Amino acid sequence: DDDVSAETVVTTTIPRPTTTTAPKPKPVVPVTTPLAAPNGDIPAFDAPDGTEVGRVGFWYGYPMTMPIVEERGDWLRIMLPERPNGKTGWVRRSDVTLSATTYRIVIRLAETRLYVYQDGFELFSAPVGIGTDRTPTPAGSFFVAVVSIPGPPGYGPVVLDTNGHSEAIQSWEGSGDAITAIHGPISASSDARIGTTGTRISNGCIRMHEADQLKMAVIPVGTPVDIVA
């Protein structure tokens with residue numbers, strides 16, 4: 001008989017590579033903000049089941065969508081557009097339509113720069129013109145009350161009116177109010193002064209280059225606007 005030689009099979013064990021999962025970055029700002037849109041003209045109260053202190057739903061004829069800052073059972077405390085800055089009121093949950101926004105605007109006055117966040121992370125930023133020392137931009141927590149596309153003549157393609165009011169000017173050009181808006185540079189000289197670093201140039205409003213204004217078209221009404229020192 002022929003000798004049969006069995007082949008030796010060599011098995012090699014290859015170690016699996018060690019993998020590590022990098023921790024996910026934490027959101028810089030809240031991921032979403034709950035919003036309330038009044039179903040028409042509704043009463044606002046000083047507390048749940050409290051005293052009626054006014055009506056809410058429209059501001060200068062525009063329907064409002066406002067951030068919810070507190071929930072208590074069937075009651076919601078919402079930001080209001082009227083003076084004074086920081087005004088809030090309680091409304092019945094059944095009187096509003098609920099939604100949410102994933103956007104947030106943060107304006108850092110010391111940096112003369114505006115930041116837009118989506119889902120908690122920075123989407124883009126831009127240099128801005130802010131109020132002068134004599135007519136400063138008010139700091140605080142506000143929201144986008146009205147979006148105009150295009151804006152009024154001379155104010156650029158996208159204008160966002162916030163519910164912020166100047167603390168230095170009570171009535172701008174006899175209008176009876178002085179609203180803080182995010183709008184265009186007004187003039188070529190203003191545009192040049194804003195440049196790449198921003199400047200103090202306005203009566204309290206936030207001025208942007210038109211190219212940056214166009215990016216703001218994604219911002220919905222009700223979006224929080226934090227103006228910080």
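The values are calculated or read from the model by the stated rules, or taken from the named source; none is laboratory data. In this text the structure is predicted, and so the values were computed from the model without any measurement. Neighbour counts run over all protein chains shown; Cβ positions are idealised from the backbone, glycine included. Only protein heavy atoms, including side chains, enter the accessible area calculation; ligands, DNA and RNA are left aside. Shrake-Rupley method; radii C 1.70, N 1.55, O 1.52, S 1.80 Å.
Things to note:
- Residues in the stretch 82-101 that are hydroxyl-bearing (Ser, Thr, Tyr) and under 18 Å from ASP226 (Cα atoms) were compared, and the one that is surrounded by the most Cβ atoms within 10 Å (Cβ to Cβ) is THR101.
- Residue selected from the stretch 212-229 under the condition farther than 15 Å from ARG113 by Cα and assigned to a helix (DSSP H, G or I), by the criterion most open to solvent (accessible area, probe 1.4 Å): LEU214
- When residues of the stretch 102-159 are limited to those that are among the charged types (D, E, K, R) and either out of contact with any Ser or Thr (no Cβ under 7 Å at 6 or more places or on another chain) or at negative phi (or both), the one most open to solvent (accessible area, probe 1.4 Å): ARG134
- Count of the stretch 70-81 residues, restricted to those that are exposed (fewer than 15 other Cβ atoms within 10 Å of the Cβ) and either at pLDDT below 95 or in contact with a strand residue (DSSP E or B) (Cβ under 7 Å, 6 or more places away or on another chain) (or both), is 2.
- Screening ASP49 on (1) at positive phi; (2) open to solvent by less than 10 Å² (accessible area, probe 1.4 Å); (3) of a type outside the set (Lys, Arg) shows it passes everything except condition (2).
- Among (1) over 28 Å from VAL28 (Cα atoms); (2) out of contact with any helix residue (DSSP H, G or I) (no Cβ under 6 Å at 6 or more places or on another chain), the one test that PRO185 misses: (2)
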